[in-house]
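**Q** Would you mind keeping the following structure in view while I ask a few things?
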């Protein structure tokens, strides 16, 4: 898998994208994440990528020209399955979307900034718009990092135990069951006996019941997807 992130703040992402699971994926040759400074694609001598909006609205808008040049340059090198724009009014990012994107080979993520991007970018250059939540951030760098982390960890071989990723929260439209480790007892707080029983069938049933109870109590909206 290859992810190309177009941003005006590549330095904001460099540390995050080259640590932990993402760094491991790159070392294994299972994923490559490349950062591209949008300012490198402008012909303006001041390297500006934004301008005032037509119509007199407040704020600044990212221009279509440098974005088009960046995307065109990348597409000249390889085919891309998706060109994603991260925006607060996009499709809600969830585990199902992450699962789908993890199956792609090449992805471009455009991190917006300022007031947003020229609408023509969204109309003609983008294949998918994704939001990480119903709130507004200063820029799209954090959402781009979140999306990259969520999908790369699902690529087979990135996590040593593939079953670990498949048992995460939201994989079955439910929250995960509680988990415990040593010691068996701490300050009088004990691990449930069922988890120490060795009866795998009963343990799996307990985990399902616990997951269902937690989901009903904390995120009942998720159960609508199971209808």
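**Q** Would you work out the Kirkwood radius for the stretch 169-226? I mean one over the mean of 1/r across all pairs of different Cα atoms, in Å.
**A** Values: mean 1/r = 0.0797 Å⁻¹.
It works out to 12.6 Å.
**Q** Then there is this: Please compute the length gained on full extension between residue 78 and residue 21, using 0.36 nm multiplied by the number of residues separating them and subtracting their Cα-Cα distance.
**A** Extending this stretch completely gives an extra 18.0 nm.
**Q** Something else: Angle between the Cα long axis of helix 141-152 and the longest principal axis of the chain, 0 to 90 degrees, nearest 10?
**A** 50
**Q** Between residue 37 and residue 194, 0.36 nm times their residue separation minus their Cα-Cα distance comes to what?
**A** Working: separation 157, 0.36 × 157 = 56.52 nm, distance 5.33 nm.
Difference between extended and current length: 51.2 nm.
**Q** To the nearest 10 degrees, how steeply does helix 200-218 sit against the main Cα axis of the chain, on a 0 to 90 scale?
**A** Rounded to the nearest ten degrees, it is 50.
**Q** In what sequence, highest mean first, do 174-181, 62-69, 116-123, 200-207 appear when ranked by Cβ atoms within 10 angstrom?
**A** Put in order of decreasing packing, that is 62-69, 116-123, 174-181, 200-207.
**Q** Pull out the extension gain between residue 142 and residue 120, defined as 0.36 nm times the separation in residues minus the alpha carbon to alpha carbon distance; nm, one decimal.
**A** Details: separation 22, 0.36 × 22 = 7.92 nm, distance 2.34 nm.
5.6 nm is the gain from fully extending residue 142 to residue 120.
**Q** Now for a separate question. How far is it, in nm, from the label point at residue 52 to the one at residue 94 when both lie 7 Å from their Cα along the line to the Cβ?
**A** 4.3
**Q** Roughly how tilted is helix 64-75, in degrees to the nearest 10 and between 0 and 90, from the longest Cα axis of the chain?
**A** Between helix and principal axis, roughly 60 degrees.
**Q** What is the Cα convex hull volume of the chain when expressed per residue in Å³?
**A** Each residue corresponds to 180 Å³ of Cα convex hull volume.
**Q** Still on this structure: Just want to confirm a number: the relative contact order over the stretch 8-157, from Cα pairs under 8 angstrom separated by 6+ residues, in percent.
**A** Numbers: 212 pairs, mean separation 42.7, N = 150.
About 28 percent, as a whole number.
FYI, it's all coordinate maths here, none of it is from the lab. Remember, predicted model here, so these are calculated numbers, not experimental data. Note that each Cβ is placed from the backbone with ideal geometry, even for glycine, and that neighbours are counted across all protein chains shown.
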